[in-house]
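> I have a structure here, written as structure tokens, and I will follow up with some questions on it.
Every number here is computed from the coordinates shown, using simple stated rules; none is lab data. Since the structure is predicted, the reported quantities are computational estimates derived from the model, not experimental observations. Don't worry about glycine lacking a Cβ; one is built from the backbone with ideal geometry, like all the others, and counts go over all protein chains shown.
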Amino acid sequence: MRYDVVVVGTGPAGLKTAEQTAARGLKTLVLEKRQSVTDSLMGELVTDKALKLLRISPDSEYVGNKFTAIVGESLDTGANIVVNRSLLGNSYLLDEDKCQELMRDRAVADGAEFRYKARVDSVIRDGQQIVGVQYNHTQEARGSLTVGADGSFSRVSATAGFTHPKWLLSYGYRFKLANCKNVDPKTAYFYVGRDVGLGYLWFYPRSETEVNLGIGRVPSSKDLWYRLPPMMDVLRKYMKTHEETKDAKVVGVNGGVVPCTGIIPRFTDAGVALCGNSAGQVSSIVGGGVTTCLHAGTLLARHAKRMVEEDDFSRESVYQYEKEYRMSKLAKNIENTGRGMWAVFKYAMFNDPLEAAEIVLRELDASTLNEIVQGSFGAATLMRLFTDFLPMVVRIGKGYLKSVAVSGP
């Protein structure tokens, strides 16, 4: 059987693509290497835009909590900065399993087919055209459009010939905790610290007794990576040293890998399009990819419908999806934070990133930090950095220039 669309991967990008292509009447097949859609880690901290793309309400069962403040804090010194609701807007904690199941069920209701334990080996070519994938060594799935939504180690991307220069990855784990005590359910935390390394630990309350505790880390060098304690040990140490989690029980463990340096140079070709992590569609500084991936899947499905109607899956036709995505505000934010993360990585190779983080937490105001993290800063913010925070900029800037001088841009 030949499909209109073959989607590889069931993260938020793949599920949203499948949901939307099926809703548009396209014959859709979804391949997932794991046993279910909930086996992959999906981001949780989102704003109103993600809820709109998911078509769910803030008081629905798909939203686990709503935060009024987010705190960035050092585990070593306690230096912190608070971003309150006036700067955040609305911030929600998704129930990611229910959201993944929701998108799957919508897709199935509209005729999409799902195959699990289907590990893709490579794309299938017919001349210069991608016409499907081979999976589980001997099986094939053929379609007019192949969608690689299979994550940071995408087999579709690798075998279709896409390139990933400056490819940095953040590796992470998350514990779901029960039996916590006296948790403030309205405040989420991001922590930096010596044990964490180049990355952060997050503390997302689901209620006064339930918490999602996770860690993401980028390897700045092999030597530094192996000198750090294992990430799961860092999570367990946090649990033991904080009253809220000292007696908590781990009821779920999950992990994932997130790209950190922005959108890749090209993510479409004849008969194939990448979506989500495989395309670098992640706002890297905080690992935020839910909204950007849902947006990409929605956009790609609309273009897939156009391609089917025009019977045109040429490189130029598929590229129209990429062109429109790159013009979006979300894509520009991804590129801004990607450049920022690359600069942080270069800095960390020859300087102490934790010292820089401590300076930021002590000296920067919440409004400026929020704009930088979101990748939405403009000329006014840059001017404020060079006037109100000039000593901080000079001190960190000298370290960055040293890194560039030694290793290149």
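> Just to confirm a number: summing +1 for Lys and Arg and -1 for Asp and Glu over residues other than ILE56 whose beta-carbon lies under 15 angstrom from that of ILE56, what do you get? List each step's numbers first, then the result.
Working: positive: LYS16, LYS49, LYS52, ARG55, LYS66, LYS98, ARG104, ARG106; negative: GLU19, GLU44, ASP48, ASP59, GLU61, ASP95, GLU96, ASP97, GLU101, ASP105.
Net of charged neighbours comes to -2.
> Sort 246-254, 108-116 for me by packing, meaning the mean count of neighbouring Cβ atoms within 10 Å per residue, highest on top. Numbers along the way, then the final one.
Working: 246-254: 13.8, 108-116: 16.1.
Order by mean packing, descending: 108-116, 246-254.
> Okay, moving on. For the range 177-184, in order, what is each residue's ³J(HN,Hα) by Karplus, 6.51 cos²θ - 1.76 cosθ + 1.60 with θ = phi - 60°, in whole Hz (x at glycine and Pro)?
Values, residue by residue: 10, 10, 6, 7, 10, 6, 7, 7 Hz.
> Just want the answer: with Cβ charges of +1 for Lys and Arg and -1 for Asp and Glu, which residue in GLY289, ILE263, VAL211 is farthest toward the dipole's positive end in the range 203-290?
Towards the positive end, the residue furthest out is ILE263.
> How large is ³J(HN,Hα), in whole Hz, for each residue of the range 55-65 in order, when computed from phi with the Karplus curve 6.51 cos²θ - 1.76 cosθ + 1.60 and θ = phi - 60°, using x for Gly and Pro?
Once θ is set to phi - 60°, the couplings for the range 55-65 become 6, 10, 9, x, 9, 7, 5, 7, 10, x, 6 Hz.
> Next question. Whole-Hz Karplus ³J(HN,Hα) for the range 72-82, in order, using 6.51 cos²θ - 1.76 cosθ + 1.60 and θ = phi - 60°, x for Gly and Pro?
x, 9, 8, 5, 8, 10, x, 4, 8, 9, 10
> Calculate the dipole size of the range 155-246 relative to its Cα centre from +1 charges on Lys and Arg beta carbons and -1 charges on Asp and Glu beta carbons; express the result in debye to the nearest 20.
On the way: 15 positive and 8 negative charges, 54 e Å.
Taking the Cα centre of the range 155-246 as origin, the dipole is about 260 debye.
> Moving on to the next point. Starting from the range 152-253, pick out the chymotrypsin sites (Phe, Trp or Tyr not before Pro) whose DSSP state is loop and whose Cβ has at most 13 other Cβ atoms within 10 Å.
Working: sites: PHE153, PHE162, TRP167, TYR171, TYR173, PHE175, TYR189, PHE190, TYR191, TYR200, TRP202, PHE203, TRP225, TYR226, TYR238; in loops: PHE153, PHE162, TRP167.
Passing sites in the range 152-253 are PHE153, TRP167.
> Calculate the spin-label point distance for ALA109 paired with ASN179, positioning each point 7 Å from the Cα along the beta-carbon direction, and give it in nanometres.
Between ASN179 and ALA109, the label points sit 3.8 nm apart.
> Where a ≥ b ≥ c are the square roots of the eigenvalues of the C-alpha gyration tensor, would you call the range 50-117 rounded, which needs a/c under 1.5, or, failing that, prolate if a/b is larger than b/c, or oblate? Please list the in-between numbers first.
Values: a/c = 4.14, a/b = 2.20, b/c = 1.88.
Prolate, because a/c is 1.5 or more and a/b exceeds b/c.
> Also, I was wondering about something else. Taking Cα centroids, how far is the range 274-333 from the range 180-201 in Å?
Taking the Cα centre of each part, the range 274-333 and the range 180-201 sit 32 Å apart.
> According to the square roots a ≥ b ≥ c of the eigenvalues of the Cα gyration tensor, what is the shape class of the range 1-108, taking rounded for a/c under 1.5, prolate for a/b larger than b/c otherwise, and oblate for the remainder?
Details: a/c = 3.12, a/b = 2.13, b/c = 1.46.
In terms of gyration-tensor shape, prolate.
> Structure shown: which of LYS176/LYS240; LYS186/LYS246; LYS176/LYS222; LYS176/LYS305 lie over 27 Å apart, alpha-carbon to alpha-carbon?
Working: LYS176/LYS240 15 Å; LYS186/LYS246 20 Å; LYS176/LYS222 29 Å; LYS176/LYS305 39 Å.
With Cα atoms farther than 27 Å apart: LYS176/LYS222; LYS176/LYS305.
> I would also like to ask the following. If you take the charge dipole of the range 165-261 about its Cα centre, with +1 on Lys and Arg Cβ and -1 on Asp and Glu Cβ, which of LEU198, ALA248, TYR226 is farthest toward its positive end?
About the Cα centre, the residue reaching furthest to the positive side is TYR226.
> Treating the beta-carbon of each Lys and Arg as +1 and of each Asp and Glu as -1, no other charges, what is the dipole magnitude of the range 14-170 about its Cα centre, to the nearest 20 debye? All intermediate terms of the calculation are to be shown ahead of the outcome.
Working: 20 positive and 20 negative charges, 109 e Å.
Rounded to the nearest 20 debye, it is 520 debye.
> I would also like to ask the following. Give the shape of the range 1-41 as rounded, prolate or oblate, defined through the alpha-carbon gyration tensor: a ≥ b ≥ c are the square roots of its eigenvalues, a/c under 1.5 means rounded, and otherwise the shape is prolate if a/b is larger than b/c and oblate if not.
Oblate is the answer for the range 1-41, as a/c is 1.5 or above yet b/c matches or exceeds a/b.
> Could you work out how far the C-alpha centroid of the range 25-73 sits from that of the range 111-140, in angstrom?
26
> Sticking with this structure for a sec: What are the residues whose amide H is under 5 Å from the amide H of TYR135, where those residues sit 5 or more places off or on another chain and H is modelled from the backbone?
ASP121, GLU140, ALA141
> Can you give the charge dipole size of the range 97-241 about its Cα centre, rounded to the nearest 20 debye, using +1 on the beta carbon of Lys and Arg and -1 on the beta carbon of Asp and Glu? Mind dumping the intermediate values first?
On the way: 22 positive and 15 negative charges, 108 e Å.
The calculation lands at about 520 debye.
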